[in-house]
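The values are calculated or read from the model by the stated rules, or taken from the named source; none is laboratory data. Keep in mind that what you see is a predicted model, and the values were worked out from it rather than measured. Every residue, glycine among them, receives a Cβ derived from its backbone with ideal geometry; neighbour counts consider all protein chains shown. Keep in mind that these areas ignore ligands, DNA and RNA; they rest on the heavy atoms of the full protein, side chains included. Shrake-Rupley method; radii C 1.70, N 1.55, O 1.52, S 1.80 Å.
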Amino acid sequence: MPAKASLRVILFLAVLLLSATTLYATSWDAAGDYLAGWQAGQNPNGAWSYGWSTTPGSGLTLYTVNANNVGGYPQFDSWNDPNNFIYYTPVIYLNTGGEVNDNQLHHLPAGALVIHGGGTAASCGVDGACFSETIWTAPTSGLFDLSATFTGRQYTMNGLVEIILTSNGNSTTLLSGTVLDQTSQSLAQEISLSAGDTLTFAAKSNVGLAADTTQLDAMITAVPEPSTLALLGSGSLAGIGVLRRKLAR
């Protein structure tokens with residue numbers, strides 16, 4: 001095959017690969033998307049929102065104040081609500097430094113996103129009983145792959161974690177469980193969502209304000225519709241046919 005023809009084949013295959021990658025790359029990462037939201041200089045207004053509530057799925061009070069220090073850890077880029085903030089809780093933060101492993105936190109990885117419940121008794125009903133939350137809002141309708149893991153990262157911690165799906169005003173609990181130090185609760189599920197539906201990832205302490213450093217890893221990926229894949233396949237075959245005819249000349 002001539003060099004120019006080989007180059008055309010390589011370029012064509014590269015275009016196909018780029019098309020396939022675009023189809024499968026529509027995903028949202030709770031930790032990976034967090035920092036980009038803060039760099040925008042405002043509470044994230046895209047798919048993710050951050051705040052607290054007394055009951056997951058019941059309405060969110062947004063965090064409005066940014067800080068670069070939580071409990072003496074300057075590498076924690078955090079947000080909180082000054083009207084409900086005691087002993088650094090409730091809060092959400094990203095560990096922008098290296099792994100933290102000391103007499104408080106237990107192997108908190110670099111880049112970890114933490115949701116830490118807490119707050120005042122007046123705001124939350126019971127000391128330590130309000131949830132810190134991150135909420136993802138579906139931008140379009142369709143099928144989505146959800147993969148989420150909550151991990152305890154604090155000595156003596158005992159926390160409640162939940163994932164709530166809210167659609168048309170109705171809430172469904174997809175996950176509810178307890179995490180202790182270095183234990184996890186996970187969910188992997190394909191779900192059908194309409195634009196505007198929400199997934200709430202929430203955590204609070206079962207034993208008071210302090211013992212609830214909960215790492216959240218959550219990835220949501222759009223599943224391409226069969227018709228879209230078929231269109232890509234037919235377009236690829238047509239393109240290959242054209243290329244073969246050109247190379248045969």
Taking only the Cα positions of region 145-225, the convex hull volume per residue in Å³ is 87 Å³
In whole percent, what relative contact order does region 60-110 give with Cα contacts below 8 Å and a gap of six or more residues?
25 percent
Summing +1 per Lys or Arg and -1 per Asp or Glu among the other residues with Cβ less than 13 Å from Pro224's Cβ gives -3
Can you give the FRET efficiency to the nearest 0.05 for Asn206 and Ser58, using r as the Cβ-Cβ distance and R₀ = 22 Å?
0.70
Length gain on complete extension for the stretch Gln189 to Asn69, per 0.36 nm per residue less the alpha carbon to alpha carbon distance?
39.7 nm
Just to confirm a number: summing +1 for Lys and Arg and -1 for Asp and Glu over residues other than Ala138 whose beta-carbon lies under 14 angstrom from that of Ala138, what do you get?
-3
Cα-based shape type of region 151-191, given that a ≥ b ≥ c are square roots of the gyration tensor eigenvalues and the cut on a/c is 1.5:
prolate
Taking the Cβ of Ser171 as the center, what net charge do the other residues with Cβ under 15 Å away carry, scoring Lys and Arg +1 and Asp and Glu -1?
-3
How much accessible surface does Ser171 have with a 1.4 Å probe, in Å² rounded to 10?
70 Å²
Keeping every protein chain in place, order Val65, Val179 by accessible area at 1.4 Å, biggest value first, i.e. largest first.
Val65, Val179
Estimated vicinal HN-Hα couplings, Hz - region 58-73 in sequence order (Karplus 6.51, -1.76, 1.60; Gly, Pro = x)
9, x, 10, 9, 5, 6, 10, 10, 9, 9, 10, 8, 10, x, x, 9
